[in-house]
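The structure under discussion appears below in the form of structure tokens.
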Amino acid sequence: MSLRILIVEDEPDIASVLQDYLRVAGYETEHVSDGPTGLDRLLKDPPDLTLLDIMLPGMDGLAVLREARAHTHRPVILITARIEEVDRLLGLDAGADDYICKPFSPREVVARVRAVLRRTQAGPDEAAAAGRALVLDEARWQATLDGAALSLTRREFHLLQVLARSPGRIFSRAQLLDLAYDDDADVTERAVDSHVKNLRRKLAVAAPAHEWIRSVYGVGFAFEPPSAGA
Ligand code: CA
């Protein structure tokens, strides 16, 4: 049975392109064009994933998501018209699983849908198996991956700890500065990038094929544990 994607989008051209691409990719799709109808569909017949535009007639996407989250944890990708808005949304902890900015390529949307579904459909056992590989020992700032010690600096350790505590969650650079560098006000967002780069290099030694820390264009970073068997 194919997975069902709900598209809540008031611009018919965008909705129709998304529907075409998602169908070719093997998904069933349903399209509604205002907030209240979107919420109704989310509550009465929750889809496997929802693409939810923020600027909608009747009720905006954030309000729809807030209401829906009280009843369903199925994944939602929010669509925003302004890249600058994503930082604010992350700060609000809006509860989305990913964010996409207009204008987007439909191909990119399909890739993101796949990635979110892969991540959220992993069962608890699978998630546990994936999580076991990386062990963080806070007392000694020591990280081991599959039993092998990673030699991390204290900063890299704290950064990895913040990211790894919430697998899949997207953090903006400003949030990472707040959470992982609270002891030092002089660290810049550029330093975060360079520490992420170092972490990737060190994590790659143990699992070269896996991208542990995903860059979300224009937004920040997310920790992606490998799925079992990867
Ligand atoms: Ca819109």
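The mean accessible area for residues of the stretch 4-120, using a 1.4 Å probe and ignoring ligands and nucleic acids, is 47 Å² per residue.
Expressed as a whole percent, the accessible surface of the chain that belongs to carbon and sulfur atoms is 51, based on a 1.4 Å probe. Taking the empirical scaling 2.2 N^0.38 Å for compact globular proteins as reference, the stretch 125-223 has a Cα radius of gyration ratio of 1.02.
Approximating the spin labels as points 7 Å out from Cα along Cα→Cβ, the Ala63-to-Lys102 distance works out to 1.8 nm. Straight Cα distances below 13 angstrom link Lys44 to the aspartates and glutamates Glu67, with same-chain residues fewer than 8 positions distant left out. Of all aspartates and glutamates in the structure, the ones whose alpha carbon falls short of 18 Å from that of Lys197, not counting any fewer than 8 places away in one chain, are Glu156, Glu189, Glu211, Glu224. Along its first, second and third principal axes, ordered by size, the chain spans 53, 40, 31 Å in Cα coordinates.
Net charge of the neighbourhood of Glu224, taken over other residues with C-beta under 12 Å away and scored Lys/Arg +1, Asp/Glu -1, is +3.
A 1.4 Å probe run over the stretch 125-223, with the rest of the protein chains in place, finds 54 Å² accessible per residue.
The values are calculated or read from the model by the stated rules, or taken from the named source; none is laboratory data. Because the structure is predicted, anything quoted here is derived from the model rather than measured. For neighbour counting, all protein chains shown are included, and Cβ atoms are generated from backbone atoms with ideal geometry for every residue, glycine included. Side chains included, ligands, DNA and RNA excluded: accessible areas come from the protein's heavy atoms. Shrake-Rupley method; radii C 1.70, N 1.55, O 1.52, S 1.80 Å.
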